[in-house]
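Chemist: The structure that follows is given in the form of structure tokens.
Just so you know, all these numbers are worked out from the coordinates, no wet-lab data involved. The shown structure was predicted, so the numbers you read here are calculated from the model rather than taken from an experiment. Cβ atoms come from the backbone with ideal geometry, glycine included; neighbour counts cover every protein chain shown.
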Amino acid sequence: MGWSRRAALAACLLVSVPAVLAAQARARHGSWFGIGLGRGSVRLSCTVCRDGRDGGTLGYLRVGATASRQVLVGGEVTVWAHSENQLDFLFGSVMAVVIVYPRPAKGFFLKTGLGLSRYTAEDPNIKVSSQAIAAAIGLGYDIPVTGGVLIVPFASFLGTTGGEVRVDQTMSGLSARTSLLQLGVGVTLP
């Protein structure tokens, strides 16, 4: 194959691949399911809590329906876990989410969510927990692969209101807020 044919083939690919990807990104319809993994950093804020964030592994499951070419609605469950020195930390949330594509022909999206969360820290002798209302904001990008399957890099922030802290099953009289920074990659299926 000569140089001119290679150049013509490369030019055709450069022109057609973005058009195909944009067309696939626009084809939002029906129900969808998503799953993702990543890293998260959690901070528990209260008057007696230690400073700093704990890094851990997180995952999410998301399911929903397409409201329009620009808006998806659904539910999302997020779980984060971390262990250190016989302490097990667990954070989870259940939320209603809305995903908005500012430019429907593109894969970039913004996500908001509202729901409930629960944080626990447990060692062999004691369990500390807090449950609160949670809200999330985030962003991501749908990268079409094949057959409607999308690879979805994402970043988000989840924060809670002050929730009552329990020590074992006893109310402590303390209030705590939790925040979770998330970064990862998911897969969305039609």
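Chemist: Can you give the net charge of the other residues whose Cβ lies under 11 Å from the Cβ of F109, counting K and R as +1 and D and E as -1? Could the numbers behind the result be given before it?
Modeler: Numbers: positive: R28, R103, K106, K111; negative: D142.
Within the 11 Å Cβ shell, the charges total +3.
Chemist: Could I ask something else about it? Report the local net charge at S175: Lys and Arg +1, Asp and Glu -1, summed over other residues whose C-beta lies under 12 Å from its C-beta.
Modeler: On the way: positive: R166, R177; negative: E164.
Local net charge: +1.
Chemist: Which ³J(HN,Hα) values, rounded to whole Hz and listed in residue order, are derived for region 78-87 from phi using the Karplus coefficients 6.51, -1.76 and 1.60 in 6.51 cos²θ - 1.76 cosθ + 1.60 with θ = phi - 60°, glycine and proline given as x?
Modeler: These are the phi-based 3J(HN,Hα) values: 10, 10, 10, 9, 8, 10, 6, 6, 6, 10 Hz.
Chemist: Let me ask another. Find out how many positive minus negative residues lie around Q70, taking Lys and Arg as positive, Asp and Glu as negative, among other residues whose Cβ is under 9 Å from that of Q70. Let's see the in-between values first.
Modeler: Details: positive: R28, R69, R103; negative: none.
Taking every Cβ under 9 Å from that of Q70, the sum is +3.
Chemist: Sticking with this one: Report ³J(HN,Hα) in whole Hz for each residue of region 96-103, in order, from the Karplus equation J = 6.51 cos²θ - 1.76 cosθ + 1.60 where θ = phi - 60°; Gly and Pro get x.
Modeler: 8, 10, 10, 10, 10, 9, x, 10
Chemist: Sort M95, M171 by Cβ crowding within 10 Å, fewest neighbours at the top. Spell out each step's value before the answer.
Modeler: Numbers: M95 22, M171 9.
Least to most surrounded, the residues fall as M171, M95.
Chemist: Whole-Hz ³J(HN,Hα) for each residue in region 140-153, computed from phi via Karplus 6.51 cos²θ - 1.76 cosθ + 1.60 with θ = phi - 60°, x for glycine and proline: what do you get?
Modeler: Values per residue, Gly and Pro as x: x, 8, 7, 10, x, 10, 6, x, x, 6, 10, 8, 10, x Hz.
Chemist: Quick one: F109, F33, fewest Cβ neighbours within 10 Å first, how do they rank?
Modeler: On the way: F109 21, F33 13.
In increasing order of surrounding Cβ atoms, one gets F33, F109.
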